[in-house]
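Enquirer: Just passing along the structure, written as structure tokens.
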Amino acid sequence: MVETASTMLPLGTIAPDFNLLDTCNKTMVSLRDHSTAFATVILFICNHCPYVKLIQKKLVEVSQYYQQKNIRFIAINSNDVEKYPADSPEKMQETAKEYHYSFPYLYDNTQEVAKAYHAACTPDFFVFDKALQCVYRGRFDEATPGNRKEVTGKDLCHALDHILAGKEVNQEQFPSVGCNIKWKK
């Protein structure tokens, strides 16, 4: 495990489109599929990362709450599954089922989507408004394995609450910290 911080995509960046396999229902999902969403959360996660495991239960709770408010969540795994078989599409499907993911869990086999988003770690969060402009990027909250902080999702929730209230999202944002994305050589 190599602790890595997110690269903080510039605010205002338009979300790069993608068309990836949803490992749960074997359909292709595009960013542009549900453009009626009030906002879209793109999160880069994987199965084996202790930083992701720490937040998984709260992440599911937070996503279910905001999905009811027409905010779309899309999870993407871009890790090299040859070197990290715990992150294979089959294992992704098992993880999604075990934790009751209410959002698609997409497999980025070529890693092109992670590169387009400048994703650096798992978890890595990006929030885009209705026009698909980046308004938040960074951490779920300040909890990390070993720091004994409560997992709340407060940083992400704060951004989403501002979007729902029609307010500008605070530009003071903190990078996510997690395991580096496992790049193919």
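Any read-out appearing in this document is the output of simple, stated calculations on the displayed coordinates, not a laboratory observation. The structure displayed is predicted, hence computed values, not measured ones. For neighbour counting, all protein chains shown are included, and Cβ atoms are generated from backbone atoms with ideal geometry for every residue, glycine included.
Enquirer: For the chain, what number results from the quotient of the Cα radius of gyration and 2.2 N^0.38 Å?
Expert: Details: Rg = 14.9 Å, N = 185, 2.2 N^0.38 = 16.0 Å.
Against the empirical 2.2 N^0.38 Å value, I get 0.93 for the chain.
Enquirer: Would you order Ser102, Ser63 from fewest to most other beta-carbon atoms within 10 Å of each residue's own beta-carbon? Don't skip to the answer; put the middle values down first.
Expert: On the way: Ser102 13, Ser63 22.
Exposure proxy ranking, most exposed first: Ser102, Ser63.
Enquirer: To continue, here is another question. Highest GNM mean-square fluctuation, the chain, Cα pairs closer than 10 Å: which of Gln68, Gln133, Gln93?
Expert: Gln68
Enquirer: Using a/c under 1.5 as the rounded threshold, could you call region 103-185 rounded, prolate or oblate? The axes a ≥ b ≥ c are square roots of the C-alpha gyration tensor eigenvalues, and prolate needs a/b larger than b/c, oblate otherwise. Walk me through the numbers on the way to the answer.
Expert: On the way: a/c = 2.20, a/b = 1.22, b/c = 1.81.
Verdict is oblate for region 103-185.
Enquirer: Go through the cysteines of the chain and tell me which have no other cysteine Cβ under 4.7 Å away.
Expert: That list is Cys24, Cys46, Cys121, Cys134, Cys157.
Enquirer: Starting from the Cα of Lys185, draw a straight line to each of the lysines and keep only those under 21 Å, dropping any in the same chain fewer than 8 residues away.
Expert: Lys83, Lys115
Enquirer: Can you sort Met8, Met28, Met92 from fewest to most other Cβ atoms within 10 Å of each residue's own Cβ?
Expert: Numbers: Met8 17, Met28 11, Met92 26.
Ranking Met8, Met28, Met92 by Cβ neighbours within 10 Å, fewest first, gives Met28, Met8, Met92.
Enquirer: Add -39500 (n - 2.57) for each DSSP H run of 4 or more in the chain, then divide by its residues: what number comes out at 222 nm, to the nearest 500 deg cm²/dmol?
Expert: On the way: 4 runs with 46 residues, N = 185.
About -7500 deg cm²/dmol.
Enquirer: Rounded, prolate or oblate, given the Cα gyration tensor of region 1-72, with a/c below 1.5 counting as rounded? Kindly include the intermediate steps, with their values, before the conclusion.
Expert: On the way: a/c = 1.41, a/b = 1.26, b/c = 1.12.
The shape class here is rounded.
Enquirer: A follow-up question, please. Hey, what did the chain get for relative contact order, percent, Cα under 8 Å, at least 6 apart?
Expert: Numbers: 380 pairs, mean separation 62.9, N = 185.
Relative contact order for the chain comes out at 34 percent.
Enquirer: Most fluctuating residue of Thr40, Thr110, Thr144 in a GNM of the chain with Cα springs under 10 Å: which is it?
Expert: Per the Cα network of the chain with a 10 Å cutoff, Thr110 tops the list.
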